[in-house]
Amino acid sequence: MNSMSRSTTRSPLSLGGSTKRSLDFQPVRSSGASEFGGLSAERYALPQTFPRSIKRAASTALATLERSVFQKINQYRQQQGLSSMRLNSTITQQARQHSQSMADLRALSHDGFSSRVLTIRNSIPLRASAENVAFNQGFSNPTAQIVNGWLKSPGHFQNIMGDYNLTGVGVTQNNQGEFYFTQVFIKR
C-alpha cells in the first residue's frame, strides 16, 4: 500500500426555518492508488422511465452545477496564486459515477477511491490523487454551500490547495432532493 493520509470530517449543518438544510463533507488524499474497499459505481443516468427531454434537462442542470464547482475552485486557487486545474472528461466520468453511487445508497463515502484512481491511471499517467465528497439539501445555491464548506474544512482545503493540475467534478441529485458531490484531483 502506498503511503497516504486520510482525513475525514463529518459536519452536518442544520439551519433553522421551515426548510430543512443539511451539509456533510469528506476529503481523502493519496499518492497513487490506495485501498478503501469497494462501492459499486455502476450508473449515473436518470431512470429509463423519464422522457428524454426531462433526462436531458436534468443532465444539463447537473452539468451546470459541476461547471460551477470547477469554476469556483479554480477561481479560489487563482486568487491564492496557484495555477488553475484543467477539467478532464475521464476524471469527471469517475466523479459522476461515484456521486451517483453515494446518492443511490444515500451514504457519503470514499469507498472505491482506489478503483477510481486505477481507472483514471489507465488513461492518464499520474503521481498523486485526492478526492473531496459532500452532500447537501435545501440550499438555493448548493455549489456555493459545498465550496464554502470545503474551504473551511482543513482536509478539503488541503486537497483544493494541493499541487494538482487535473480535476473532474460529478454532481447528482437523488429522488429525495439530496445533492451529492465528488471532486477528484490528479497530479500528472
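The values are calculated or read from the model by the stated rules, or taken from the named source; none is laboratory data. The model shown is predicted, which means the values in this text are computed figures rather than measured ones. Here Cβ is always computed from backbone atoms with ideal geometry, including for glycine, and neighbour counts include all displayed protein chains. Side chains included, ligands, DNA and RNA excluded: accessible areas come from the protein's heavy atoms. Shrake-Rupley method; radii C 1.70, N 1.55, O 1.52, S 1.80 Å.
Over the C-alpha trace of region 65-188, radius of gyration and Dmax come out as 13.4, 40 angstrom.
Taking all Cα-Cα distances within region 77-134, those exceeding 12 Å account for 72%. Solvent exposure of R121, expressed as accessible area, is near 90 Å², computed with a probe of 1.4 Å over the protein chains only.
By the Stokes-Einstein formula, at 1.002 mPa s and 20 °C, region 122-188 with its Kirkwood radius over alpha-carbon pairs has D equal to 167 µm²/s.
Region 53-122 and region 127-188 have Cα centres separated by 7 Å. Solvent-accessible area of L151, all protein chains in place: 40 Å² (probe radius 1.4 Å, heavy atoms, ligands and nucleic acids excluded).
Here the gap between Q158 and Q71, fully extended at 0.36 nm per residue and compared with their Cα-Cα distance, gives a gain of 29.6 nm. Here each label is just a point 7 Å from Cα along the line to Cβ, and for S83 and R121 those points are 2.3 nm apart.
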